[in-house]
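Undergrad: Here you go, one structure.
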Amino acid sequence: MLLVEDAGSLVNGQFALLSAPPVPLVGWTVAMVLISMLTHAVVLPATVLMAASLMLGRSLSPSVVLRTALRRAPATLAAGSIMLLGTAAIVAAGLGVVWVTAQLWLSILVMVGLAALGAPFLLAVPAVILEGYSGWRALGRGYCLPGDRLGYATVTLVVGVLGVPVLGVPVLAWQGLDQLVPLLPDSIVAAVTGVGYGMAGVLATVFQAVVLASTFLFLPYEREQERLSEKVLRLLPDGRPVPARPVRVVVALALPGLLYGGIALTNPLGWVEISETNVTEGWTRESRGSDGSGDAPSLSAVDLRAIYPGADQPLMVMDSVYSSPRLLVCVDAACRDASLVWARRERARADPVDASVQLADGRLVLTTWLEDPKVQHSRLGNAVRLGLLICDGNGCLVPAGGKPLSEPTFHPSGSSVALAVRPNGGLIVVETRKNEGPAGQPDPESETVSFTFCDDPACSRPERRISAELESVFDNGNYRSLAVAVGADDRPVAARLNSENGALSMITCADAACTRSRVTTAQHGRDMDPMYQSRERGGVSMAMRADGRPIIVHRDIGDGSVQLLDCRDRGCAQIDPIALAGPSHASTLPAVVTDAVGRVLVAYQDPAARQIMLAACSDGRCDSAAVGRIRYGLGAGLAMTLDGQGNPVIAWTDDNGLHYGSEWALRVTTVLQTPRG
């Protein structure tokens, strides 16, 4: 643990490596593996000797047993090295079968068969320690000893030496501790698991030794049993027996696990501490499938949109993509128990949710497109207007008294929407709408930005103002190319990204009513090679400092790098760019929040290291640390919020995205100790 430096972390109260281990740690790990193998070459024969002496009515002291095992260690190592080469040959044979036939089951069958044929060679260990054979002769002695009971010996050794201790005990221990851990407080999880795994390892070795000793002594026929037992009894070393001290032994075995638990509890090295839950673990493919049909809502790997702390329910993840919006409601802080509910039973007329925000009472407000039957088109059907849904843990409803927030349109996909809460509890809705061209179709070369002010969450008296005209080519395929934030003075700031060239425009209001607005360019666009341009990378995530200065993060549409833009003024006419991650092929947009002490927290993907990163930034510098390990692949969703204690909570999808039905998971990570920043 002392060698892992900043690569270490505590995940659910237990030590884990989320970052690549430092080079010294790799060297020490190899050294410790070698030392462990050499130690096992002494411990296993010593335990076999102790077990055999007890079976024959003798009791030897541990010091005598260890001296004997050390004296015969060269022969044990010689026999063990030969068996290790045989194991490598078995693995090579299995890999060869896979390479030739491409059948994994056939490869496993071949390796199991070869391992069974070689199982009697394991009796070389008692042949060395009990009869004093040399390494090569011990192998022959062990294989010939069963005689015509070779099949019985093979089954006994495969099950008792390889099956139960190598597979059974660790698997049972892992399963039992895995079921126990969620019921334990994090303060004792590491101690319990450390002691449990330590005991399981010792018990596995003891079980192997007892099976080897009993098989070696009592496998031959009755006429051979007395002769072999007498021979072994005569060869046993002399020593005075010592009384058993089970309490001391148990305490000694528990000490490493307790030390491990103490380090995990006190965290003296300042590692990042996180709590992580795989929300979709145990879900069936139908319950999280990509098809939203049927009475029950489903969840797919591309649905994640935002995450919010709940009031009665600690977390609510809002998601929607191709169907009506859904809410994933977590009923506990770790999101181990979650349920999906429809945000709206009937299907939306056009595009689903574009924006969402949380009210002070914990409810969510979602924007959606609602049909306007008064405006119809012979070919396009009913027009739609922008409206709201107000949601709690049970679902969503159109608020009573709510009014339309936009003019009717037949092309809702040509608009982007952003939403923010005002200091008085009302809402600000920002909408971009493409201007009409000569033929009445949306003009991709220009758009209008409007602000709608509401004094209440239902928007019963909306006031809509046209605030800006933008002359650029915008692509609305990315749902987060528009963002809005509101300062303590009730003045909104909107950010609009041009996903054709990466230009970033800021729209600021001179007063709370936005009677006058100003457009500034926070980041100029640039010509890009279409081969390396990715519109999916486009998008902005914005937060507001207490003094009214915006903080913006985005992923470059050209090279995929992640950058933080720290604005010196409200309009971002001057910015301090901070690079967080270099070029990559990732497309997921980072998330940004500000905490209670004014730090800027940014969550993003690092594709090269396959990690979820959290950066804590202040005074123009950022400290980053890994807070999640990507198991399957770069997912399409990432969102962040702060819980009631001010800890960052990151929701992200872990998805290889190779084909329909591929493995994926929705994970919720709570960072209990953030980077220093």
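A short reminder: the numbers here are calculations on the coordinates, not readings from a lab. No experiment lies behind these values; they were computed from the predicted model shown. Here the Cβ is made from the backbone with ideal geometry for all residues, glycine too, and neighbour counts use every protein chain on show.
Undergrad: Taking 0.36 nm per residue of separation and subtracting the Cα-Cα distance, what length does fully extending Val91 through Thr448 add?
TA: Values: separation 357, 0.36 × 357 = 128.52 nm, distance 6.61 nm.
Stretched out fully, the Val91 to Thr448 stretch lengthens by 121.9 nm.
Undergrad: Name the residue from Gln611, Ser587, Gly633 whose Cα lies farthest towards the positive end of the charge dipole of segment 586-638, charges +1 on Cβ of Lys and Arg and -1 on Cβ of Asp and Glu.
TA: Working it through, the farthest residue towards the positive pole turns out to be Gly633.
Undergrad: Another question, if that's okay. Quickly work out the Leu106-to-Leu258 label distance, labels modelled 7 Å from Cα along the C-beta direction, and quote it in nm with one decimal.
TA: My value for the distance between the label points is 5.5 nm.
Undergrad: Separate question: For every other residue with a beta carbon closer than 14 angstrom to the beta carbon of Leu642, add +1 if it is Lys or Arg and -1 if Asp or Glu, then tell me the sum. Kindly include the intermediate steps, with their values, before the conclusion.
TA: Working: positive: Arg599; negative: Asp595, Asp643.
After counting each charged neighbour, the total is -1.
Undergrad: Could you check the simple spin-label distance between Ile466 and Val33, using points 7 Å along Cα→Cβ, in nm with one decimal?
TA: That separation, rounded to one decimal, is 7.0 nm.
Undergrad: To the nearest 0.05, how large is the calculated FRET efficiency for Asp547 and Ala400 if R₀ is 51 Å and r is the Cβ-Cβ distance? Before the final figure, lay out each step's value.
TA: Values: r = 38 Å, r/R0 = 0.74.
Approximately 0.85, to the nearest 0.05.
Undergrad: Out of Ala127, Ala252, Ala153, whose Cα points farthest toward the positive end of the dipole of the chain (charges: +1 Lys, Arg; -1 Asp, Glu; placed on Cβ)?
TA: Ala127
Undergrad: Cα centroids of segment 1-36 and segment 61-115: how far apart, whole angstrom?
TA: Between the Cα centres of segment 1-36 and segment 61-115 lies a distance of 27 Å.
Undergrad: Mind checking which lysines have their Cα closer than 20 Å to the Cα of Lys403? Skip sequence neighbours fewer than 8 apart in that chain.
TA: Partners found: Lys374.
Undergrad: From the residues Ala665, Ala209, Leu364, which one has its Cα farthest along the dipole of the chain in the positive direction, the dipole being from +1 and -1 charges on Cβ of Lys/Arg and Asp/Glu about the Cα centre?
TA: So the residue furthest toward the plus end is Ala209.
Undergrad: To the nearest 0.05, how large is the calculated FRET efficiency for Met55 and Val23 if R₀ is 45 Å and r is the Cβ-Cβ distance? Please list the in-between numbers first.
TA: Values: r = 48 Å, r/R0 = 1.07.
Here the calculated transfer efficiency is 0.40.
Undergrad: Follow-up. For Pro577, what is the net charge nearby, where nearby means another residue's Cβ is under 12 Å from its Cβ and Lys, Arg count +1, Asp, Glu -1?
TA: Numbers: positive: Arg568; negative: Asp556, Asp566, Asp576.
Once positives and negatives cancel, what remains is -2.
Undergrad: Right, next: For every helix of n ≥ 4 consecutive DSSP H residues, a contribution of -39,500 (n - 2.57) applies; sum these over the chain, divide by its total residues, and give [θ] at 222 nm rounded to the nearest 500 deg cm²/dmol.
TA: Numbers: 11 runs with 193 residues, N = 677.
Value at 222 nm, helices only, nearest 500: -9500 deg cm²/dmol.
Undergrad: Stretch Val159-Cys144 to full length: gain in nm at 0.36 nm per residue minus the Cα-Cα span? Present the calculation step by step, with values, prior to reporting the outcome.
TA: Values: separation 15, 0.36 × 15 = 5.40 nm, distance 1.95 nm.
Extra length available between Val159 and Cys144 comes to 3.4 nm.
Undergrad: Can you give me the span-like helices of the chain, meaning DSSP H runs with 15 Å or more of Cα extent along the axis and Kyte-Doolittle mean at or above 1.0?
TA: Numbers: long enough: 23-55 (47 Å, 1.88); 73-101 (41 Å, 1.73); 104-118 (21 Å, 2.33); 169-180 (16 Å, 0.68); 186-218 (48 Å, 1.60); 222-235 (20 Å, -1.44); 246-266 (29 Å, 1.66).
The answer, listed by residue number, is 23-55, 73-101, 104-118, 186-218, 246-266.
Undergrad: Go through the cysteines of the chain and tell me which have no other cysteine Cβ under 4.7 Å away.
TA: Singleton cysteines: Cys144.
Undergrad: Another one. Which label marks the calculated value of Kirkwood radius over Cα pairs in Å, given the options [x] 29.5; [y] 28.1; [z] 35.0?
TA: So the structure-derived entry is [x].
Undergrad: Oh, and also: I want to check the label-to-label distance for Leu117 and Val597. Put each point 7 Å from Cα in the C-beta direction and report it in nm to one decimal.
TA: Label at Leu117, label at Val597, 6.5 nm between them.
Undergrad: Could you tell me the calculated FRET efficiency between Thr205 and Leu184, based on Cβ-Cβ distance and R0 = 30 angstrom, to the nearest 0.05?
TA: On the way: r = 27 Å, r/R0 = 0.88.
Step by step, r from the Cβ atoms, then E = 0.70.
Undergrad: Oh, and also: All other residues with a Cβ under 12 Å from the Cβ of Val671 taken together, and with Lys, Arg as +1 and Asp, Glu as -1, what is their net charge?
TA: Details: positive: none; negative: Glu273, Glu276, Asp595, Asp643.
Neighbourhood net charge equals -4.
Undergrad: If you don't mind, there's one more thing I want to ask. Within the chain, what is the longest stretch that has no chymotrypsin sites (Phe, Trp or Tyr not before Pro) placed in a DSSP loop and near at most 14 other beta-carbon atoms within 10 Å? Can you show the working numbers first?
TA: On the way: sites that count: Tyr221, Tyr322, Tyr532, Tyr660.
It runs 1-220.
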